[in-house]
Amino acid sequence: MKLVPVSKEKSAVDILYALLQEREAGESISHKAMPSLDEHRKFVRSNPYQSWYLIKVGDDYVGSCYISKAREIGIGIFLAHRRHGYARHALQMLMALWPGRFYANINPGNEKSHGLFKSLGFNLLQMTYVKEKTR
């Protein structure tokens with residue numbers, strides 16, 4: 001397995017968009033609606049994270065991971081490649097590249113991610129509530 005910087009892969013926008021399309025509602029904390037490909041392209045090109053990688057196993061891209069400027073880490077694995085240990089291995093590689101304290105924001109209903117991060121030594125720090133705009 002290797003981590004390929006998003007900026008180094010010509011087809012990164014398309015790979016990341018396909019990954020985003022697979023995301024289920026219970027896995028997301030940032031998206032209320034699926035962005036258009038053009039909106040997604042602008043987001044990727046805006047360089048939103050400290051570092052963002054595609055996860056490559058052999059000739060296949062199996063997912064992506066990132067570390068934000070606030071040291072939050074995120075991971076996404078294509079459905080066909082889940083349950084093979086790729087998320088764990090990629091996160092361990094990411095944390096080795098960027099030593100220090102990490103945060104992970106996880107949808108409350110995403111039990112698999114809760115288990116993954118707990119197994120990697122993460123501890124619950126806080127619960128955050130949000131109230132959407134009202135009139």
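Residue pairs whose Cβ atoms lie under 8 Å apart, separated by 6 or more positions or on different chains, with the first residue in the stretch 18-45 and aromatic (Phe, Trp, Tyr) and the second modelled with pLDDT of 75 or more, are PHE43/PRO35. The set of residues in the stretch 85-130 being within 23 Å of LEU3 (Cβ to Cβ), of a type in the set (Phe, Trp, Tyr) and either loosely packed, with under 11 Cβ neighbours inside 10 Å or out of contact with any Asp or Glu (no Cβ under 7 Å at 6 or more places or on another chain) (or both) consists of TYR86, TRP98, PHE102, PHE117, PHE122. Residues in the stretch 1-28 that are open to solvent by less than 90 Å² (accessible area, probe 1.4 Å) and in a loop (DSSP other than H, G, I, E, B) were compared, and the one that is modelled with the lowest pLDDT is SER28. The residue pairs whose first member lies in the stretch 111-135 and is farther than 22 Å from ARG88 by Cα, whose second member is open to solvent by 60 Å² or more (accessible area, probe 1.4 Å) and basic (Lys, Arg), and whose beta carbons are closer than 9 Å, counting only pairs six or more residues apart or on different chains, are GLU132/LYS32. The single condition among (1) in contact with a Cys (Cβ under 8 Å, 6 or more places away or on another chain); (2) among the aromatic types (Phe, Trp, Tyr); (3) open to solvent by 40 Å² or more (accessible area, probe 1.4 Å) that TYR66 does not meet is (1).
The values are calculated or read from the model by the stated rules, or taken from the named source; none is laboratory data. From a predicted model like this one, the values you see are computed outputs, not experimental measurements. Cβ coordinates were reconstructed from backbone atoms using ideal geometry, including for glycine residues, and neighbour counts include every protein chain displayed. Quick note on the areas: whole protein, heavy atoms, side chains included, nothing else; ligands and nucleic acids left out. Shrake-Rupley method; radii C 1.70, N 1.55, O 1.52, S 1.80 Å.
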